[in-house]
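Student: Below: one structure in structure tokens.
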Amino acid sequence: MSKGVTPQSKDYSTWYTDVVIKAGLADYGPVKGTMVIKPYGFALWDNIKESFDRMIKETGHVNAYFPMFIPKSFFTREAKHIEGFAKECAIVTHTRLKTDSDGSLIVDPESRLEEEVIIRPTSETIIWSMYKKWIQSYRDLPLLINQWVNVVRWEMRTRLFLRTTEFLWQEGHTAHATAEEAEEETLLILELYRQLAEDFLAIPVLTGLKTEAEKFAGAEKTYCIEAMMGDKRSLQAGTSHYLGQNFAKAFDVTFQTKDNKEDYVYATSWGISTRLVGAVIMVHGDDKGLRLPPKIAPYQVVIVPIARNKDHEKLVKDFIEPITFGLKENNVRVHEDWSDNSPGFKFNEWEMKGAPIRMEVGPRDVENNQVVLVRRDTNEKFNIGKEDLLNKIPTLLDEIQLSLFEQAKNFRDENTHTINSYDEFKDIVSNGGFVRCGWDGDAVTETAIKNETKATIRCIPFDEQTEGLSCIYSGKPAKHEVIYAKAY
RNA sequence: CGGGGUGUAGCGCAGCCCGGUUAGCGCACCUGCUUUGGGAGCAGGGGGUCGGAGGUUCGAAUCCUCUCACCCCGACCA
């Protein structure tokens, strides 16, 4: 195994894969497109999960579990929904294996299912089939259910965390008595996603609405958070859908209103996935590897002891012990690396793994009653007295969290352009970056631009300014100001 | 699904053209000693149905046929 990773400037996607593998986040599974999330990578997902789980519980949502197997017939109910997912479904057709006459293992043809079962690519259909049973009156509403599960979308090309055949996510599915309330819910969740991304993952995001072409199959409106990766391409980091009455009608979910009338239920659904781990890697990572925001880092402080002999070892160990204890008392996730590797190796290793703070402790430090701290975000290296540590570390972690966000935000802003001509547009888009420009609102224009440049409308931002703006392609008056970029 | 490529130790590869000792190298791994403030050194060691099947041959990693798998590039997706 070679040292280091392929530099970003040489080949960004190889850099990405190198980091994922060498930082020990994930590995390839035996079936094409599958991924094993290793403990260090899963810790990241666990932290994201815990944080968001807390947010939705504080806003009245509850967790449940629905089966991963969905009757095929459910998918025929909502026309656009089936159209959106038909091409990437895994289907269970048999329930048994048997040994053939020549000793090989085969699918038992006798075990063929009468109705095939679809492995969920998303759970709207099965959830709404159940909601039909659970909802009778306005008193049953709103119904605010979420689940943390795996889903399967059979993809042609895959990339670890960003696009895999099976991935983990949360999917929220809510039912409401009015359209207004459902829309409010959609936007509330979008705001929670924004907070999660910005305050927790230190990833600045644009919020806005997807165009008709880009919205979720079966939705009335799709809102999204959209982030710029280190190669200036865009990544959809979370989506929140207002479903109107589409699924209620497809699954015949009605309720009695206060004034004793019958109406279809209004719905939302929303999701974030393990793709967010990919976003963290690509937004913050550098040529040394990961740079993890402290709030998500499995270890916020990694202590590298330096000892030339057994005496030193004992000296350093005794010195570190109360530090580790004190940090843990202060809810700092700290790790002592006593592995057999050389200090130099450990420095590189923990830089690869993105630990926000490295603490070096050797005999010299013990003698001076101090330690050496190194910030992963700035490479800044400094000495600090032992007695100041417990105060300084939490502050420093906050600083790193903020500094990573600021760096990412500056990068995005520097690479976001407002432009006046289509030539300029093509130029910027081909070199990577966001373009903010006018769009006449016509799907034909959208498709034409996509075919000519491979860039898509990432979102119609909430803060759009259409006054005096004209369409970058057709020259007609702009219906919307939009963000264009090449996307993952 | 169209185009290109690769299968030899855990990983990365050489050997193949031109068949011939016991299939080799780097990294990783194991043991021991010396080391440790930016990827340590030396010595010893373990590990292979050469992707699979068939064929040619006295003899196949090497030549022929078939097959399987995976990777990269183009149309869809969180």
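The values are calculated or read from the model by the stated rules, or taken from the named source; none is laboratory data. All values reported here derive from a predicted model rather than from experimental measurement. Note that we place each Cβ from the backbone using ideal geometry, even for glycine, and neighbour counts take in every protein chain shown. The protein model used for the area step is the full one, side chains on, heavy atoms only, and it has no ligands, DNA or RNA in it. Shrake-Rupley method; radii C 1.70, N 1.55, O 1.52, S 1.80 Å.
Student: Taking the C-alpha atoms of region A:416-485, how large are the radius of gyration and the largest Cα-Cα span, Dmax, in Å?
Tutor: 10.5, 28
Student: At 1.4 Å probe size, put A:ARG333, A:ARG153 in order of accessible surface, largest to smallest.
Tutor: Descending order: A:ARG333, A:ARG153.
Student: Leaving ligands, DNA and RNA out of it, work out the accessible area of A:LEU160 with a 1.4 Å probe and give it in Å² to the nearest 10.
Tutor: 10 Å²
Student: With everything on Cα atoms, drop me the angle between helix A:39-58 and the longest principal axis of chain A, reported from 0 to 90° to the nearest 10.
Tutor: 60 degrees
Student: Okay, next question. Return one whole number: the accessible area per residue of region A:301-396 in Å², for a 1.4 Å probe.
Tutor: So region A:301-396 comes to 53 Å² accessible per residue, rounded to a whole number.
Student: If you don't mind, there's one more thing I want to ask. For region A:190-267, how big is Rg over Rh, using alpha carbon atoms and the Kirkwood form of Rh?
Tutor: Details: Rg = 16.7 Å, Rh = 14.4 Å.
Looking at region A:190-267, the ratio lands at 1.15.
Student: Okay, next question. Given the protein chains as shown and a 1.4 Å probe, how many square angstrom of A:TYR299 are accessible, to the nearest 10?
Tutor: 70 Å²
Student: How many Å³ per residue does the convex hull of the Cα positions in region A:16-140 occupy?
Tutor: For region A:16-140, the hull spanned by Cα atoms encloses 197 Å³ per residue.
Student: With r as the distance between the Cβ atoms of A:GLU58 and A:GLU387 and R0 = 45 Å, compute the FRET efficiency 1/(1 + (r/R0)^6) and round to 0.05.
Tutor: Efficiency for this residue pair is about 0.75.
Student: Give me the angle, in degrees from 0 to 90, between the Cα long axis of helix A:124-134 and the longest principal axis of the Cα atoms of chain A, rounded to the nearest 10.
Tutor: 70 degrees
Student: Treat every Asp and Glu Cβ in region A:416-485 as -1 and every Lys and Arg Cβ as +1, leave all other atoms uncharged, and give the resulting dipole magnitude about the Cα centre to the nearest 20 debye.
Tutor: Charge dipole of region A:416-485: 200 debye, to the nearest 20.
Student: Assuming a strict under-26 Å limit between Cα atoms, what lysine pair count do you get for region A:345-467 once near-sequence pairs (fewer than 8 apart, same chain) are dropped?
Tutor: Step by step, the pairs that qualify in region A:345-467 add up to 14.
Student: Moving on to the next point. Of A:GLY60, A:TYR131, A:TYR40, whose Cα points farthest to the positive end of the dipole of region A:1-151 (charges on the beta-carbon: +1 Lys, Arg; -1 Asp, Glu; origin at the Cα centre)?
Tutor: Working it through, the farthest residue towards the positive pole turns out to be A:GLY60.
Student: Have a look at region A:1-53 and give its Rg and Dmax from the Cα atoms, expressed in angstrom.
Tutor: That works out to 13.2, 39 Å for Rg and Dmax.
Student: Right, next: What's the carbon and sulfur percent of region A:416-485's accessible surface, probe 1.4 angstrom, rounded to a whole number?
Tutor: Details: 1580 of 3510 Å².
Carbon and sulfur: 45 percent of the exposed surface of region A:416-485.
Student: Let me ask something additional. To the nearest 20 Debye, how big is the dipole of region A:77-133 about its Cα centre, given +1 on the beta carbon of each Lys and Arg and -1 on that of each Asp and Glu?
Tutor: Its charge dipole is roughly 380 debye.
Student: Set Lys and Arg Cβ to +1 and Asp and Glu Cβ to -1, take the dipole of chain A about its Cα centre, and tell me which of A:ALA355, A:ASN309, A:VAL280 lies farthest positive.
Tutor: A:ASN309
Student: Can you compute log10 of I(q)/I(0) for region A:336-474 with the Debye formula, treating each Cα as one identical point scatterer, at q = 0.19, 0.20 Å⁻¹?
Tutor: With one equal scatterer per Cα and no solvent, log10 I(q)/I(0) is -1.09, -1.18.
Student: Quick one: work out Rg over Rh on the C-alpha atoms of region A:185-338, Rh as Kirkwood radius.
Tutor: 1.24
Student: Let me ask you something else. So, counting K/R as plus one and D/E as minus one, what does the shell of residues with Cβ under 12 Å around A:SER474 add up to?
Tutor: Here the charged neighbours net out to -1.
Student: Consider all pairwise Cα distances in region A:301-396 and report the whole-number % of them above 22 Å.
Tutor: I get 20 percent for the Cα pairs in region A:301-396 exceeding 22 Å.
Student: What dipole magnitude, in Debye to the nearest 20, does chain A give about its Cα centre under +1 on Lys/Arg Cβ and -1 on Asp/Glu Cβ? All intermediate terms of the calculation are to be shown ahead of the outcome.
Tutor: Details: 61 positive and 74 negative charges, 194 e Å.
For this selection, approximately 940 debye.
Student: May I ask you to derive the FRET efficiency for A:GLU424 and A:ASN368 from their Cβ-Cβ distance with R0 = 56 Å, giving the value to the nearest 0.05?
Tutor: Taking R0 as 56 Å, the efficiency between A:GLU424 and A:ASN368 is 0.45.
Student: While we're on this one: What is the spread of the Cα atoms of chain A along each of their three principal axes, largest first, in whole Å?
Tutor: Result, largest extent first: 79, 71, 56 Å.
Student: Under a 1.4 Å probe, what is the accessible area of region A:1-44 per residue, stated in Å²?
Tutor: I get 55 Å² per residue for region A:1-44.
Student: Let me ask another. Of A:LEU373, A:PHE251, A:VAL19, which is farthest along the charge dipole of chain A in the positive direction, counting Lys and Arg as +1 and Asp and Glu as -1 at C-beta?
Tutor: Value: A:VAL19.
Student: Also, I was wondering about something else. Please compute, for the alpha-carbon atoms of region A:145-276, the extent along each of the three principal axes and give them in descending order in Å.
Tutor: Principal axes ranked by extent give 55, 31, 27 Å for the Cα atoms.
Student: Let me check against my output: what whole-number percent is the relative contact order of chain A, with C-alpha pairs under 8 Å and at least 6 apart?
Tutor: Across chain A, relative contact order equals 13 percent.
Student: Compute the acute angle (0 to 90°) between the alpha-carbon long axis of helix A:310-329 and the principal axis of greatest extent of the alpha-carbon atoms of chain A; round to the nearest 10°.
Tutor: Result, in degrees: 40.
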